[in-house]
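Have a look at the structure below before the remarks.
Please treat every number below as a calculation from the coordinates, not as lab data. Because the structure is predicted, anything quoted here is derived from the model rather than measured. When we count neighbours, we look across all protein chains shown, and the Cβ atoms used for this are built from the backbone with ideal geometry, even at glycine.
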Amino acid sequence: MSVRNIIINLIKEKKNIRLDEFINHCLHKQDSYYLENNPIGENNDFVTAPEISQMFGEIIGSYILNYWLTN
C-alpha cells in the first residue's frame, strides 16, 4: 500500500492525525516522497532557509511549542 493510501486510510479511521504522525509516515515508508526524491534546494520543491521569510521560523517555533504542550 502506498504512503498516500496509508495516510488517507488513517485520516478516515481517526478523522484527523497529528502532524508528527503524518511526518513519520512520510519519512519512514519505502515509497515515501522524501526517500525517493531530493526536494530541498534552490531548483527543487522548497528551500528551508529563514532568510526567505520570517514566517518560516515562526511556523517552526509554533510547531515545537504545540508539540511540547501536547506531549
Asn5-Ser53 FRET efficiency (beta carbon distance; Förster radius 30 Å; 0.05 resolution)
0.35
Excluding Tyr63 itself, what net charge comes from residues whose Cβ is under 15 Å from its Cβ, given Lys and Arg +1 and Asp and Glu -1?
-2
Karplus-derived HN-Hα couplings along the stretch 5-13 (A = 6.51, B = -1.76, C = 1.60, θ = phi - 60°), whole Hz, x at Gly and Pro:
5, 4, 5, 4, 5, 5, 5, 5, 6
